[in-house]
Every structure is written in structure tokens, then in C-alpha cells.
Amino acid sequence: QVQLVESGGGLVQPGGSLRLSCAASGNIFRIASMGWYRQAPGKQRELVAVIRSGGVTNYTDSVKGRFTISRDNAKNTVYLQMNSLKPEDTAVYFCNVATSSPRGTLLNSYWGQGTQVTVSS
């Protein structure tokens, strides 16, 4: 089995910063991508940021210039540095890890339990 352990969420003031961490453990053979999604009350879950095996990153427009995704392949860990936080960033943030075959075919997708981020004065 695969387990994703998230940490770093909490309550911050507007303009503040948080760093989320997600460590994957278990029977992971090949990671295709690691990313962060979020879901605010009454809204669909959306992709926040993803980093692929080759290092290519993607961000949703609303966080570009404020959030940075990074990884530590040796530790199977992905981070999300969140700066200049806004109230609209308030959501439950979910870690995601996707595994693939050597040729890139998606095999499995795993999710963390979610961590609450609240931005409020």
C-alpha cells in the first residue's frame, strides 16, 4: 500500500506564508507526478500545482507568482511553498501522487487525507 502524510497546514493572516509537505511511502515503483489540489466549501476540487518526473511544473493562474512546488525525489516528498496568502486560498489541500509504467502509462493515483489552510485576519 501507499501512504501520503501531509503537514504544514494551519491558520495564517493575509499576506503570510505556509509550507506544505507531503511524504509518500510504501510500494511506489515509479512516480510520474506529484501535486497539490484544493477544495473550498461549495466548490470543485481544483489543481493548484503539479511537478512531473522531468521537473516540469504547472500552476493554476490564481497562484502563479505566489506558490512554488518542489520535490525531493530521494525522500519521495513534495512541497508547496505558499507566499502572499489571500483569504481566497482558504481550502482543504490534498496531496496527490501518480505512478506510471516505464513508458509513461498511468498506473495508479494516490491521495492524502487533506490538510486545512485558513487565511484570515
Quick check: with the 1.4 Å probe, what order do THR118, THR68 take by accessible area, largest first? THR68, THR118
Working with all protein chains in place, sort ILE69, ILE28 by solvent-accessible area computed with a 1.4 Å probe, largest first. ILE28, ILE69
In percent, what relative contact order does the chain have, based on Cα pairs under 8 Å that are 6 or more apart in sequence? 35 percent
HN-Hα J in Hz across segment 80-87 - Karplus 6.51, -1.76, 1.60, θ = phi - 60°, x for Gly and Pro: 10, 8, 10, 10, 6, 5, 10, x
Once amide hydrogens are built 1.01 Å from N within the peptide plane, the residues lying 5 or more places from GLY114 or on another chain with amide H under 5 Å from its amide H are CYS95
With label points built 7 Å along Cα→Cβ from the Cα atoms of ASN58 and ARG45, find their separation and express it in nm. 1.6 nm
How long are the three semi-axes of the equivalent ellipsoid of segment 39-101, in whole Å, if each is the root of 5 times an eigenvalue of the C-alpha gyration tensor, listed from largest down? 22, 14, 11
Over the chain, with neighbouring protein chains present, the accessible area per residue in Å² at probe 1.4 Å is 55 Å²
What figure, in Å² to the nearest 10, do you get for the accessible area of TYR110 with a 1.4 Å probe and non-protein molecules left out? 60 Å²
Using a Cα-Cα cut-off of under 24 Å, which lysines could be cross-linked to LYS64, ignoring same-chain neighbours fewer than 8 residues away? LYS43, LYS86
For the chain, the accessible surface attributable to carbon and sulfur atoms (probe 1.4 angstrom, ligands and nucleic acids excluded) amounts in percent to 46 percent
Return the equivalent ellipsoid semi-axes of the chain as a descending list in whole Å, where each equals the square root of 5 times an eigenvalue of the C-alpha gyration tensor. 25, 14, 13
How much of LYS43 can a 1.4 Å solvent probe reach, expressed as accessible area in Å² and rounded to 10? 140 Å²
Please check: in the Gaussian network model of the chain (C-alpha springs, under 10 Å), which one of GLY54, GLY16, GLY42 has the largest mean-square fluctuation. GLY42
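The values are calculated or read from the model by the stated rules, or taken from the named source; none is laboratory data. What you see is a predicted model; the values in this text were computed from it and never measured. Note that we place each Cβ from the backbone using ideal geometry, even for glycine, and neighbour counts take in every protein chain shown. Please note that ligands, DNA and RNA were not included when accessible areas were found on the heavy atoms of the full protein model with its side chains. Shrake-Rupley method; radii C 1.70, N 1.55, O 1.52, S 1.80 Å.
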